[in-house]
1. Any residue in the stretch 36-48 that's under 17 Å from CYS90 (Cα atoms): show its pairings with residues that are not in a helix (DSSP H, G or I) at Cβ separation under 9 Å, as long as the two are six or more apart or on different chains.
2. Just checking, how many residues over the stretch 19-34 are farther than 14 Å from PRO80 by Cα and either in a loop (DSSP other than H, G, I, E, B) or open to solvent by 50 Å² or more (accessible area, probe 1.4 Å) (or both)?
3. Have a look at ALA48, ALA37, ALA14 and point out the one that is at pLDDT below 90 and open to solvent by less than 50 Å² (accessible area, probe 1.4 Å).
4. So which pairs qualify, if the first residue must be in the stretch 157-186 and at negative phi, the second must be open to solvent by less than 30 Å² (accessible area, probe 1.4 Å) and of a type in the set (Ser, Thr, Tyr), the Cβ gap must be under 7 Å, and the two must be at least 6 apart or on different chains?
5. Please go through the stretch 95-126 and pick out each residue that is closer than 17 Å to SER160 by Cβ and open to solvent by less than 20 Å² (accessible area, probe 1.4 Å).
6. Out of the stretch 134-173, which residues are at pLDDT 75 or above and charged (D, E, K, R)?
7. Among the numbered criteria (1) out of contact with any Cys (no Cβ under 7 Å at 6 or more places or on another chain); (2) modelled with pLDDT of 90 or more, which single criterion is violated by PRO53?
8. State whether the residues of the stretch 196-212 include one that is at pLDDT below 75, surrounded by 13 or more Cβ atoms within 10 Å (Cβ to Cβ), in contact with a Ser or Thr (Cβ under 6 Å, 6 or more places away or on another chain) and not aromatic (Phe, Trp, Tyr).
Amino acid sequence: TQTPILIGTTFSLATIMLFVAYDSNRNVDIYLLSLLAFVLALCASAVAAFTVPFAMLAAIWWKRAWRNGLRLTHAYRCMPFFGLLLVTICVHWWIALLKAESLKELLRAMPNQIAEVGLLTWHVILQMFWPLPEPIVYPMQTPGWPLPWRFIPLAAMVISLVLLWFWTHNTRVRALFITLLISALTLLPFAVLPRIDTFGYGVAGAHWKYVT
């Protein structure tokens with residue numbers, strides 16, 4: 001069922017909207033409501049809510065910090081959200097360890113998951129401009145590739161972000177940079193959460209459609 005994703009995305013959007021409102025008027029009550037909405041988003045779907053703190057930083061950077069770069073004073077209001085996200089990651093690892101035979105078993109699968117982030121990110125970007133069928137997400141794994149080669153899409157994504165960063169003074173390039181960055185971060189659960197089942201969580205790429 002897609003219900004957890006829909007609920008998690010709804011509360012994720014509420015979190016961002018409340019945070020942007022707080023950033024404008026500094027009303028502490030609105031900030032606390034934003035934190036509450038984020039907790040509910042994490043409870044509904046940690047995968048759907050994973051990108052929210054990064055989206056907050058992107059919003060702050062877009063509004064005021066892109067000229068001189070992000071500073072600690074720009075980011076400290078996001079720290080409680082990153083703290084909640086870190087707690088969620090720890091809980092996921094703890095549950096996975098209870099079910100796994102050993103930590104080594106979990107870590108053995110992580111390189112493949114991390115390599116898939118780059119490939120799935122390019123799929124999400126392509127899906128924005130071309131209506132690909134959703135099942136294409138699943139066969140995009142590259143079991144026939146040697147492991148080092150599987151990191152080529154991820155390396156290409158990182159290089160693209162670095163190159164775009166140098167032209168972020170241009171508004172259109174800045175928008176493209178944030179689009180690519182958030183698309184990649186949407187799939188970050190593949191890189192940090194253990195036992196991400198592609199068939200169970202492959203719709204992580206589809207979250208972008210809900211957010212837009």
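1. Cβ pairs passing all conditions: LEU42/PHE50; ALA46/LEU193; VAL47/LEU193; VAL47/ILE196.
2. The total comes to 6.
3. Exactly one of ALA48, ALA37, ALA14 is at pLDDT below 90 and open to solvent by less than 50 Å² (accessible area, probe 1.4 Å), namely ALA48.
4. MET157/THR121; ARG174/THR168; PHE177/THR168; ILE182/THR51; SER183/THR121; ALA184/THR121; LEU185/THR51; THR186/THR51
5. ALA115, VAL117, GLY118, LEU120, THR121, HIS123, VAL124
6. The answer is ARG150, ARG172.
7. (1)
8. Yes, because at least one residue in the stretch 196-212 is at pLDDT below 75, surrounded by 13 or more Cβ atoms within 10 Å (Cβ to Cβ), in contact with a Ser or Thr (Cβ under 6 Å, 6 or more places away or on another chain) and not aromatic (Phe, Trp, Tyr).
The values are calculated or read from the model by the stated rules, or taken from the named source; none is laboratory data. Bear in mind that the values here come from a model prediction, so they are computed numbers and not experimental data. No Cβ is skipped: glycine too gets one built from the backbone with ideal geometry, and neighbour counts run over all protein chains shown. For accessibility, only protein heavy atoms count, side chains too; no ligands or nucleic acids. Shrake-Rupley method; radii C 1.70, N 1.55, O 1.52, S 1.80 Å.
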